[in-house]
1. How many of the residues making up region 83-129 are polar (S, T, N, Q), farther than 11 Å from THR158 by Cβ and either crowded, with 22+ Cβ neighbours inside 10 Å or modelled with pLDDT under 95 (or both)?
2. Looking only at region 188-211, which residues are in a strand (DSSP E or B), within 21 Å of HIS100 (Cα to Cα) and touching a residue at least 40 places away in the same chain (Cβ under 8 Å)?
3. Scan region 282-327 residue by residue and report those that are over 24 Å from PHE54 (Cβ atoms), among the basic types (Lys, Arg) and free of Cβ contacts under 8 Å to residues at least 40 places away in the same chain.
4. Scanning region 165-201 for residues that are surrounded by 21 or more Cβ atoms within 10 Å (Cβ to Cβ), more than 18 Å from the chain's Cα centre (by Cα) and hydroxyl-bearing (Ser, Thr, Tyr), which turns out farthest from PHE140 (Cα to Cα)?
5. For a quick check of your reading: which strands (runs of 3 or more DSSP E) sit entirely within region 215-300 and have at least 1 residues that are β-branched (Val, Ile, Thr) and over 22 Å from GLY317 (Cβ atoms)?
6. Of everything in region 174-187, what is part of a strand (DSSP E or B), out of contact with any His (no Cβ under 9 Å at 6 or more places or on another chain) and either among the polar types (S, T, N, Q) or more than 19 Å from ILE216 (Cα to Cα) (or both)? Give them in sequence order.
7. Say whether the condition of being closer than 17 Å to VAL260 by Cα and at pLDDT 95 or above is met by at least one residue in region 165-185.
Amino acid sequence: MTVVVTEIKAQKIPLYIGTYTEKGGSKGIYTFSFDTETADVTLLSETETPSPSFIARKNELLLAVNELTDGNQSISAFQIEGDKLKFLNKLATTGSAPCHVLLDPKGKYAIVSNYLGGTLDIYGIDPQKGLLGHEGNVKFEGSGPNKKRQDAPHIHSTFFGKDNHVYVSDLGSDQIYEFQVQKKDGKHALNLASIIKTPAGAGPRHLAFHPKKKIIYAIMEMTADVLVYEKENDIWVEKQRLNMNAQGFSGNSGAADIKVSKDGRFVYATDRVDANSIASFKVLRDGTLEKIQVQSVLGKGPRNFNFSHDEKFVLVGNQLSNEVVIFKRNKKTGLLTDSGKRINAFKPVCLIF
């Protein structure tokens, strides 16, 4: 009898980390090799670009917003060439402190959220050439009751819903805008479809969408609440408001990121400032949430996190403690435990695979 021995090698995939840059600290985007079986990482390359605070990728094209406020704020395009990034081009943004970029799944356009100036920018994209040009913008108005944080529109993020509409969170006016993307005269444009009003002074920041239900999970930065919205007769209706912190917590919050697992069974959200935690929620049959765990991020300033491809691990970027902490994730229970693995990175604020 012949015995065939098959060598199984752990799959290694690229991991890209965007950072806030400063002299003596980080220089830009860091490319790592991530082992999907062991969560071991190896640094492959470093790409200089100023404060790439949010990055997005489609195939071999990577986009980064350069979150500056000195007039040099921009969006930059890179070609992925093996372990390195090749700079293609960059264009200015119409607002200041661009903090999020959304890349069209077909690679035809990108949308940049400008935290200061209250605008969205739309750019034409070519997968080989990068940015083709500025195609237009949307200017927002409004404010909120917190005069220190909500004196004007503060556009924080833009996400695609299951309906292919674009959903825009404005921390400044406590509103989430729903847009349809249409092409006019060869350019992409956003047409307002509806407005979701969130609680006054809550400050919507990021969104996650249930993969099967007409459900939005919205994280409120200033109150650390997760709001559940369901679409009924073409209207988004609030179904639940649930705080993400542990019972008895009385410190200050700065809720940051929220994501839902691919199977739609669990939702995760991070909180900064005093909490420095990641909360795990079980998704109930009707789409509402049950909080099942509040886990320390074992660091400070968890601005962004992401799942590994198979969702066996959750990687949390702790901006203020200069480290990415890697948690094991139980896919059956949704609970997180410390893997013991770390990635040293100066002010890590965005992680993508």
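The values are calculated or read from the model by the stated rules, or taken from the named source; none is laboratory data. Bear in mind the structure is a predicted one, so any value in this text is a computation, not a measurement. With ideal geometry, Cβ positions are generated from the backbone for all residues, glycine too; neighbour counts draw on all protein chains shown.
1. The qualifying residues number 2.
2. The answer is HIS188, ALA189, LEU190, ILE196, PRO204, ARG205, HIS206, LEU207, ALA208, PHE209.
3. ARG285
4. Per the criteria, the residue is THR198.
5. Ranges flagged: 215-220, 225-232, 235-243, 277-283, 289-296.
6. Those that are part of a strand (DSSP E or B), out of contact with any His (no Cβ under 9 Å at 6 or more places or on another chain) and either among the polar types (S, T, N, Q) or more than 19 Å from ILE216 (Cα to Cα) (or both): GLN175, LYS183, LYS184, LYS187.
7. yes
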